[in-house]
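Have a look at the structure below, then the notes.
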Amino acid sequence: MKEHRRDQKVEASIALIITSDTRTLDTDETGKRAVRLLEDAGHKVVAYVIVENNADRIMETFEAFKADDNIQVIVTSGGTGIGVKDVTVDAVTGQFDKRLQGFGELFRRLSYDEIGIAAAMSRATAGIASGKIVFCLPGSTGAMSTALEKIILPSLGHMMWELNRR
């Protein structure tokens with residue numbers, strides 16, 4: 001157990017991408033909640049942007065964050081549903097080196113307890129891209145809280161330890 005600790009403490013540098021055609025930094029309650037939860041847990045949000053629901057713009061922003069050596073984790077919010085404008089997952093997952101299928105499965109299971117069968121329409125996912133952990137979350141404040149409080153924050157240290165051990 002000493003070699004495979006699951007309670008690793010980290011202070012990660014995180015980039016947050018909110019995809020929306022209507023939100024601004026002033027009106028984006030989901031992003032504000034994410035920043036608060038992440039920083040309260042000891043992490044640093046080094047970038048927080050809102051990008052329109054356009055696959056090319058999302059991919060451009062994602063690729064810039066992926067190339068930034070100061071960023072360890074990328075969290076997207078929005079664009080995980082089944083609507084025409086829900087393109088974030090499609091834009092980002094093509095860049096994954098590895099997929100973390102268990103994240104999406106667990107997220108939908110927890111969401112089912114909170115919102116019922118609508119959880120089945122979520123394409124929330126996670127993966128590894130260029131040595132960074134990536135989480136693609138729905139755009140609601142509730143989904144952000146569920147993902148951060150119940151999955152990401154309790155496991156991020158262990159995930160980073162696993163990703164970086166040689």
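How would the range 48-166 be classified by its alpha-carbon gyration tensor: rounded, prolate or oblate, with rounded meaning a/c under 1.5 and the a/b versus b/c comparison settling the rest? Oblate, because a/c is 1.5 or more while a/b does not exceed b/c. Taking every DSSP bridge with both residues inside the range 13-164, close to 30 percent are antiparallel. Longest stretch of the chain clear of exposed loop sites (GluC sites (Glu not before Pro), DSSP loop, at most 14 other Cβ atoms within 10 Å, sites excluded): 53-166.
The stretch between MET121 and ASP56 holds 21.1 nm of extra length on full extension. This uses 0.36 nm per residue minus the Cα-Cα distance. Once backbone amide H atoms are built at 1.01 Å from N, VAL51 has ILE18, THR19, SER20 as its partners under 5 Å, excluding neighbours fewer than 5 places away on the same chain.
Taken together, the values in this text are just the output of simple stated rules run on the coordinates, not laboratory data. Keep in mind it's a predicted model, so treat the numbers as computed, not measured. Note that each Cβ is placed from the backbone with ideal geometry, even for glycine, and that neighbours are counted across all protein chains shown.
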